[in-house]
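The structure appears below as structure tokens.
Where a number appears in this text, it was derived from the coordinates with a stated rule and is not lab data. As the structure is a computational prediction, the values presented were derived from the model and not from experiment. All Cβ positions, glycine included, derive from the backbone under ideal geometry; neighbour counts span all protein chains shown.
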Amino acid sequence: MAKINEIVCGFNLTGGNTDVGSCVFTPAPVAGMFLSYGKVFTPAEQANMKAALDAALIAANRSNRLYPVHNITEAEDKSAEKQTSTTGYGDEIVTRAKKLKSAYKIVKGGLTMLQKLSVHSDVCTQVFLYDQKNRLLGYKDAAGNLCPFDLTQFFVDTPPELTGSNFFYSPIELAFASNDQKVKDFAWVNADSENFSLSALKGIKDVVLAEQVAMTNAGVFVVRGEVGPTKDDLRTTYGAALAQTAAWKCRVKDTGAAVTVSAAVVHGASSTGYQLTVDEVALPANTVVEFYLADIPTLQAAPVNLPATAKIESNYLAQVVS
């Protein structure tokens, strides 16, 4: 069972006593992070941290979702130096503490990863870090929650031009909003206590939906999907698991009105798609409908029973009811 500040080491105690004994927490280099938009881990969730993280990675509500960023291979301290002033007696005093800022390089994922990270640039406001000793890092609030560090900016920079003597990487910078969160209120959970690796946790893959073949019968569509940057086809990846009505949703594009998906089957032996049938009785001709995958938690539960790797989110495929 994971526990916040598992090795207590006197953390979050306000007495200020300086004898730490043999219990010392030594930070390790940052190995990765989880971008956050408000997710915190309560004491109850900390009791089963692996399950709580798994749920956060596929949360349908984006404010509760985490976006993992792995493969950090270099870190640089870019903090502004503290400001000082000299008194009339010649003493130098600190007038403002330094502002914490870090820069990281991510070497895997190429331009595809850079594009995905750019969506969060100047938008993401919080981040959990994890270190090379498999510890999830954040800060502890008054309620005992493990919280992500607040940021004044998450910035994705432009990578340097390739010259043949360097390599492509995604450069990101984190400007931290609070020094206290990084020192006085600093907290962590050790993933080793539950025997899982933070670097192995996977986020959601995007699915691009398209028309497999032209509609031949009224209300019958054949939809194919490509998963992730490698464009793995949806059917090869998930097989018959998506050949169920519970896996799909449909709505009228203009109004958002729900349209019933009455059947979902694998389409032919040589196809890479799924044949979906909608209830078109109440739909006039030339109505544009949108197909999309059902909510992610639904995809994880019975009766769909997708494999453990099935963390996918679709765009909306618009098609016309003839």
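Here are the numbers for the structure shown:
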| read-out | value |
| --- | --- |
| Fully extended contour minus Cα-Cα distance, from Val265 to Thr73, at 0.36 nm per residue | 64.7 nm |
| Cα principal axis extents for the range 56-205, largest first, Å | 62, 49, 28 |
| Listed residue pairs exceeding 23 Å between alpha carbons, taken from Lys50/Lys205; Lys108/Lys184; Lys50/Lys231; Lys116/Lys184; Lys108/Lys133; Lys116/Lys140 | Lys108/Lys184; Lys50/Lys231; Lys116/Lys184; Lys116/Lys140 |
| Cα gyration tensor shape of the range 27-124, rounded if a/c is under 1.5, else prolate or oblate by comparing a/b with b/c | prolate |
| Fully extended contour minus Cα-Cα distance, from Val220 to Ala143, at 0.36 nm per residue | 22.4 nm |
| Cα-based Kirkwood hydrodynamic radius, the range 119-204, one decimal, Å | 15.0 |
| FRET E, pair Lys133, Glu211, Förster distance 51 Å, beta-carbon r, rounded to 0.05 | 0.55 |
| Inter-probe distance in nm under a simple model that places probes 7 Å from Cα toward Cβ, at Thr26 and Lys99 | 3.3 |
| Cα shape, the range 93-141, gyration tensor, a/c 1.5 rule | prolate |
| For the range 139-264, the fraction of alpha-carbon pairs in successive 10 Å shells from zero, as % | 9, 20, 22, 22, 22, 6, 0 |
| Taking the C-alpha atoms of the range 43-84, convex hull volume expressed per residue in Å³ | 169 |
| Spacing of the two label points (7 Å from each Cα toward its C-beta) at Phe168 and Ser118, in nm | 1.2 |
| Calculated FRET efficiency for the pair Val107/Asn179, C-beta based, R₀ 45 Å, to 0.05 | 0.95 |
